[in-house]
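Remarks on the structure that follows.
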Amino acid sequence: MSSFATFYTAWGDQLQQLLRQLCSAPKPPSTQDHLHQLNHLVNKLMSHYSEYYRVKAAATERDVLDVFAAPWASSFEKSFHWIAGWRPTTVFHLVYTESSILFESHMVDILRGFRTGDLGDLSPTQLRRVSELQCETVKEENGITDELSEWQHSVSDLMGASTDVDQMMGRLATVVGKADDLRLRTLKRVVELLSPQQAIEFLIAAAELQLGIREWGMDQDRQSNLGSGR
C-alpha cells in the first residue's frame, strides 16, 4: 500500500468524524456562539480538504501515474473520476439538488415570505453568483480536458528514441495539478457564497455523497473479489 493510500484511508475516517460534528451543529444558529461554532466547523472542514490536496500534490510529483490510476479508490469511485478526481462542476449539481429539495419542503413558508435561511432559501444574488461561477468553472474544466487530450495525442512520441519520458510525466502532473486546483478552488468559492448555515448543509451533502460512494463501491469490490475467488 502506497503512502498516499494510507493517508487517503485515514483522511476518509477523519472526514466521517467531521461529518458527525457537522450534523450535530445548531441549525439554524440562534446565538452568536452558535454562529461562531458553524464558522469554526466550516473552516475546519475546508482545512481538511486543503490538506488532502496538499498531500495529493506531493504524491503526484512522486508518481503521477499512480495518482492517475488511483489504486486506493474503489471501481465505483473511479467511474466518476475526471483527471484523477471528481469533476469540479459536480459542486453545482449538488447545490442545485439540495436547494431544490429544501425549497420544496419549505415552499409554502418561503412563498409567504418566511426566511428559512437554509440552502432552499438562496437569495437572487446568491443564485446569480452560483450560475456565473458555474459558467467560469465549465470553461476552465474544458480547457484542462483539452490539455489532457493534447497530452494523450502525444503518446505516439513515446515511440521516438529521443522522447523525454520524465518531461511527458511532468506535463501530465501539471494537468492533474490544474484539475486539483480547480476542484479545491471551486469548493472554496461556492462555500464563500453561502451563509454559515447554508455552507454546513452543503458540506454535509458533499461529505455524505463522497463517503456513500466510497462505502458502496468498496462493498461492491469485496463482493466481486469473493465471487472471483480472489
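Among residues of segment 129-153 that are closer than 15 Å to residue 95 by Cα and open to solvent by 40 Å² or more (accessible area, probe 1.4 Å), those with a beta-carbon under 7 Å from a residue that is assigned to a helix (DSSP H, G or I) and at pLDDT 95 or above at least six positions away or on a different chain give the pairs 129/193; 134/92. The set of residues from segment 22-53 being open to solvent by 50 Å² or more (accessible area, probe 1.4 Å), under 18 Å from residue 119 (Cβ atoms) and in contact (Cβ under 8 Å) with a residue 12 or more places away in the chain comprises 23, 27, 28, 35, 39. Among the residues making up segment 165-182, those that are within 12 Å of residue 64 (Cα to Cα), open to solvent by less than 30 Å² (accessible area, probe 1.4 Å) and either among the charged types (D, E, K, R) or touching a residue at least 60 places away in the same chain (Cβ under 8 Å) (or both) are 172, 173, 175, 176.
Would you confirm, using the coordinates I've provided, whether residue 56 is surrounded by 16 or more Cβ atoms within 10 Å (Cβ to Cβ) and part of a loop (DSSP other than H, G, I, E, B)? No, not satisfied.
Do we have any residue at all in segment 62-70 that's under 21 Å from residue 203 (Cα atoms) and either in contact with a strand residue (DSSP E or B) (Cβ under 7 Å, 6 or more places away or on another chain) or outside any loop (DSSP other than H, G, I, E, B) (or both)? No, the conditions are met nowhere in segment 62-70. Considering only segment 11-37, state which residues are more than 18 Å from residue 201 (Cβ to Cβ), modelled with pLDDT under 95 and either in contact with a Lys or Arg (Cβ under 6 Å, 6 or more places away or on another chain) or not β-branched (Val, Ile, Thr) (or both). Selection gives 32, 33. Residue 110 meets each of the listed conditions (1) open to solvent by less than 60 Å² (accessible area, probe 1.4 Å); (2) at pLDDT 90 or above; (3) in a helix (DSSP H, G or I) apart from (2). Pairs linking a residue in segment 67-85 that is more than 21 Å from residue 146 (Cα to Cα) to a residue that is of a type in the set (D, E, K, R) and open to solvent by 10 Å² or more (accessible area, probe 1.4 Å), with Cβ atoms under 7 Å and 6 or more positions apart or on different chains, are 70/78; 74/214; 74/221; 75/221; 77/214.
Do we have any residue at all in segment 163-171 that's in a helix (DSSP H, G or I) and touching a Pro at 6+ places or on another chain (Cβ under 7 Å)? There is no residue in segment 163-171 that is in a helix (DSSP H, G or I) and touching a Pro at 6+ places or on another chain (Cβ under 7 Å). Count of segment 188-212 residues, restricted to those that are in a helix (DSSP H, G or I), in contact (Cβ under 8 Å) with a residue 40 or more places away in the chain and over 17 Å from residue 97 (Cα atoms), is 4. Every listed requirement among (1) under 25 Å from residue 183 (Cα atoms); (2) among the hydroxyl-bearing types (Ser, Thr, Tyr); (3) open to solvent by 30 Å² or more (accessible area, probe 1.4 Å); (4) modelled with pLDDT under 95 is met by residue 90 save one, (4).
The values are calculated or read from the model by the stated rules, or taken from the named source; none is laboratory data. The model shown is predicted, which means the values in this text are computed figures rather than measured ones. Positions of Cβ are generated from backbone atoms using ideal geometry, with glycine treated the same way; all protein chains shown enter the neighbour counts. The area values use the complete protein model at the heavy-atom level, side chains included, leaving out ligands, DNA and RNA. Shrake-Rupley method; radii C 1.70, N 1.55, O 1.52, S 1.80 Å.
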